[in-house]
Amino acid sequence: EGIKAFGGDPTAFQKKQGFLCSWYIVGPFPNDGGRGFDTAYSPEEEIDLTAQVDPRGRKRKWAVHHSANLDGKVDLRQVFQRTNDVCAYAYTLLELPEARDVKLKIGSDDGVVCWVNGKRVHANNATRPLSPDSDVVDAKLEEGMNKILLKITQGGGEWEFTFRIAD
């Protein structure tokens with residue numbers, strides 16, 4: 001808010017550090033006994049921003065979420081009512097003028113799975129607190145539009161993630 005008051009861009013720091021802070025988020029999906037990590041819910045099969053379907057056939061709507069945190073942290077407890085033994089998906093698009101090799105730096109509380117352009121590039125079935133950049137993954141982004149999908153699992157307590165791209 002202070003940066004805005006002086007006419008600055010509060011997202012400039014996030015962008016400079018490579019944080020992706022604008023996401024579509026959908027859920028929650030079941031994670032009883034930690035089984036959600038290996039269960040392929042509808043967003044893994046097809047992204048439908050008008051709705052997704054949970055295992056009981058109920059529609060789940062994607063919500064737009066913009067992180068205002070300097071470290072790009074997305075707190076999923078602010079998005080969902082149910083926040084224990086669940087998982088959620090975060091989806092974003094990133095357009096690049098040319099293909100490039102990058103490092104994806106992911107932090108999550110708890111586990112995380114990451115897909116880039118439909119290809120699973122990372123999975124860590126962790127039970128941990130958030131620490132930005134905990135997982136570093138080599139990836140190739142394509143020229144044009146790139147699709148990034150995350151699954152964040154949750155047991156109990158905090159439920160959040162960070163995601164950034166570095167050279």
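Ignoring ligands, DNA and RNA, what percent of the accessible area of the range 22-167 is carbon or sulfur (1.4 Å)?
With neighbouring chains kept in place, the figure for the range 22-167 is 44 percent.
Just by accessible area at a 1.4 angstrom probe, what is the order of Leu104, Leu94 from largest to smallest?
Heavy-atom accessible area, descending, gives Leu94, Leu104.
Can you tell me the length gained on complete extension of the stretch Glu98 to Arg58, counting 0.36 nm per residue apart and subtracting the Cα distance?
That pair, Glu98 and Arg58, stretches by 10.5 nm at full extension.
For the chain, list log₁₀ I(q)/I(0) at each q in 0.14, 0.16, 0.17 Å⁻¹, using the Debye formula over Cα point scatterers of equal strength and ignoring solvent, two decimals each.
Each listed q maps to, in turn, -0.70, -0.91, -1.03.
How would the range 6-103 be classified by its alpha-carbon gyration tensor: rounded, prolate or oblate, with rounded meaning a/c under 1.5 and the a/b versus b/c comparison settling the rest?
prolate
What do you reckon, how do Ser67, Ser134 stack up by accessible area (1.4 Å probe), largest on top?
Correct descending sequence by accessible area is Ser134, Ser67.
Filter the cross-link list Lys16/Lys140; Lys61/Lys105; Lys59/Lys105 down to pairs whose alpha-carbon distance in this structure exceeds 24 Å.
Exceeds cut-off: Lys61/Lys105; Lys59/Lys105.
Tell me the label-point distance for the pair Gln81, Asp38, using the 7 Å Cα-to-Cβ offset, in nm and rounded to one decimal.
Distance between label points: 3.2 nm.
The values are calculated or read from the model by the stated rules, or taken from the named source; none is laboratory data. Note that the structure is predicted; figures quoted are calculated from it, not measured. Don't worry about glycine lacking a Cβ; one is built from the backbone with ideal geometry, like all the others, and counts go over all protein chains shown. Ligands, DNA and RNA are excluded from the accessible area calculation, which covers all protein heavy atoms including side chains. Shrake-Rupley method; radii C 1.70, N 1.55, O 1.52, S 1.80 Å.
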